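A quick write-up on the structure given underneath.
Readers should treat all values here as calculations from the given coordinates under stated rules, not as data from a laboratory. It should be emphasised that the depicted structure is a prediction, and the values quoted were computed from it without experimental measurement. Note that each Cβ is placed from the backbone with ideal geometry, even for glycine, and that neighbours are counted across all protein chains shown.
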Amino acid sequence: MNLSNYLAANRAKLLKTFLCYVSFFCFGACYTLLGSSLFDLQIRMDVSFTKASQLVPSRSFGILTGSITSGFVGIFLGPEMILFLTNMMAGLMTGTAPWFKQFNVVNACIFLSGTALGILEIYSNTSVLAIWNERSTNYVQVLHGTCGLGSLLAPLIVKSFLLPQVTNTNDTIESEDKNTTESTDATVVGYTPEDVKVQYPFLFFGLIMILTSFGFLYSYFKTDSIKESKETEITDDHPKWKKNLIIMIGAFICHATFAVNALAGSLGPAFVVKSDLQMTKKDGADLVSAYWTVFTSYRLIFIIATNYIQKQSIIIFNCLLTLVGAVLMFLYAAHSRTFAWISFIMLAAGFSPTFAASLGSIQEYICITRKYASVIFLIGAIGDTAHPWIITGFMDKRPELFATYVSSLAAVQATIVLLLPFVCAKLFKTKTKENLNRTSSLRISQR
């Protein structure tokens, strides 16, 4: 099928897929918007860094709340209407949050934005799976690539709006990077809340989400629904405990992947500034941008490489890359700028395709229904929530624990991804037939 025929035959599918991609692009941007602007938001709210850093777990708890809620909203609304409402809510809350100066108000907006993003995350993934069925693997890879692209661009945009560093003319310990007095818990000095400009990138991405929401609304009212398969939900003879076990393994891969990405995107800049590395705020934004650049671009390389190299061989290479990066981060990243850069980049490349590829591997053996997908992404959202909250408690006093924590999670994730194909083969013996509609139950639930 040539390009013109492909576009004509899949116009409605491509429109919905594109809207999901834009939604996930903004989801990724929200990952790094907060972390890259945290020091300036501290000035905006006139609070200590410890207080300001509470915004990170607040957003994560919002994502967890949204993930739990997503299991219920589908009873009352279709996927397009849900994506309309969640994009609208996330856009409004993200765009307005940093314009306030009261911590409690900003915190509430960030939490509500996270709640909408938690629902959006699950429905974007399950919608793409439902639209493309057995051809969904590469479309899901691109979906998560757009998340990486958003996570990459957000720090680059924020960087232009960060306040210039100031130094104290006195001999007190007031670092260029932290703009603080001797107490690491003190409020930032040298600027007033009116000087802060980082609210404009928040407004930019908020407006994109609001515009995207109208795209889903248009699709809901004006276009014909994608023709659904008339097949009934597939049943197979695999014991339920085996399916549940493999879903839980996939869920933990999702959990660890989301946790490392959340930690790198939200707290990576704070780690390199407050640790012995003593890097600047802009260096921290550059490091996170490099992480997401590699994370996004390597995914495209993976998609192309699968046409020439066996997928499992590439996954093994990625897992080894992750393990080496984890070891370097564990040993050296808290004390060496060079190894910090190397380990972050190696983890980005190693992590990039593994979750989506693992999801594809599971699909080869069982049908990933909306219920299973919700379980996977709910447990993934717990990774988004719990781990940033844990690390936030140590970041101000012992930032070096960030490297230990992230490297340990990455090593465990890589080990499980390596073992997944062998576990699947051992549990199920044979793969699902290629002509089966592996996500028919997902599609039926969208009628």
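Here are some notes:
- Average Cα contact separation per residue, segment 12-444, under 8 Å, 6 or more apart, as relative contact order %: 26 percent
- The magnitude of the dipole of segment 12-444, with charges of +1 and -1 set on the Cβ of Lys/Arg and Asp/Glu and taken from the Cα centre, is near 1380 debye.
- Here's the picture: charge each Lys and Arg Cβ at +1 and each Asp and Glu Cβ at -1 in the chain, and of Ile249, Val22, Ala262 the one pushed furthest to the positive end of that dipole is Ile249.
- Estimated from helices alone, the mean residue ellipticity of the chain at 222 nm is -25000 deg cm²/dmol (sum of -39500 (n - 2.57) over DSSP H runs with n ≥ 4, per residue).
- For segment 17-126, the equivalent ellipsoid built from the Cα gyration tensor has semi-axes of 26, 13, 11 Å, listed from largest to smallest.
- Coordinate range along principal axes, alpha carbons of the chain, Å, largest first: 74, 47, 41
- For the residue pairs Lys159/Lys222; Lys13/Lys197; Lys16/Lys371, the C-alpha atoms sit more than 29 angstrom apart in Lys159/Lys222; Lys13/Lys197.
- In terms of overall dimensions, the C-alpha atoms belonging to segment 272-385 reach 49, 35, 23 Å along their principal axes, ordered largest to smallest.
- Selected from Thr322, Thr94, Thr280 as most flexible by GNM, with the chain as the system and alpha-carbon contacts under 10 Å: Thr280
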